[in-house]
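Colleague: Just passing along the structure, written as structure tokens.
No lab work stands behind these numbers, since they all come straight from the coordinates. This one's a predicted model, so the numbers in the text were calculated from it and none came from an experiment. Cβ atoms come from the backbone with ideal geometry, glycine included; neighbour counts cover every protein chain shown.
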Amino acid sequence: MSNSWYAVTIDCADVPAQTRFWGAVLGRPPTEGLTPEHAVLLPAEATGAPRLVFNKVPEPKTAKNRVHLDLITQQAETETRRLLALGATVLRVFEENGRHRWTTFADPEGNEFDLISG
């Protein structure tokens, strides 16, 4: 194989605000060199997860994401409260047989992401 996964890049209007939000959500500090135009959040060493890159773009988000992040937790209610306190918004809750399956949230700029019950 000649390719490997390097990063997920998120276009945004406010790089520092998005970096703070996602850094708090994932427990990742930004790398050195954070600017109003560009920032990177590195994963914990052992996770194998990709880095998150934030780039400033002039246009606003206008439609549903084609790619989104999925987070998983064993404590959906507690994590939902934490995400809301950080600035996320609940868009939809999916349940099956009375059991939480996942919740779709929007980050402060409207980018969708899911919290899955593990």
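Colleague: Count neighbours as other Cβ atoms within 10 Å of each site's Cβ, and list the chymotrypsin sites (Phe, Trp or Tyr not before Pro) in the stretch 1-93 that are DSSP loop with at most 16 such neighbours.
Modeller: Here the sparse-neighbourhood loop sites are W5, Y6.
Colleague: Where both residues lie in the chain, what percent of DSSP beta bridges are antiparallel, nearest 5?
Modeller: Around 60 percent of the beta bridges assigned by DSSP in the chain are antiparallel ones.
Colleague: Right, something else. Let me know the Rg and Dmax you get for the chain when you use only its Cα atoms, in Å.
Modeller: 14.8, 48
Colleague: On alpha carbon coordinates alone, what is the Rg over Rh value for the stretch 61-118, Rh being the Kirkwood radius?
Modeller: That ratio equals 0.96.
Colleague: Give, rounded to the nearest 20 debye, the magnitude of the charge dipole that the chain has about its Cα centre when Lys and Arg contribute +1 at Cβ and Asp and Glu contribute -1 at Cβ.
Modeller: Numbers: 12 positive and 15 negative charges, 24 e Å.
Computed charge dipole of the chain: roughly 120 debye.
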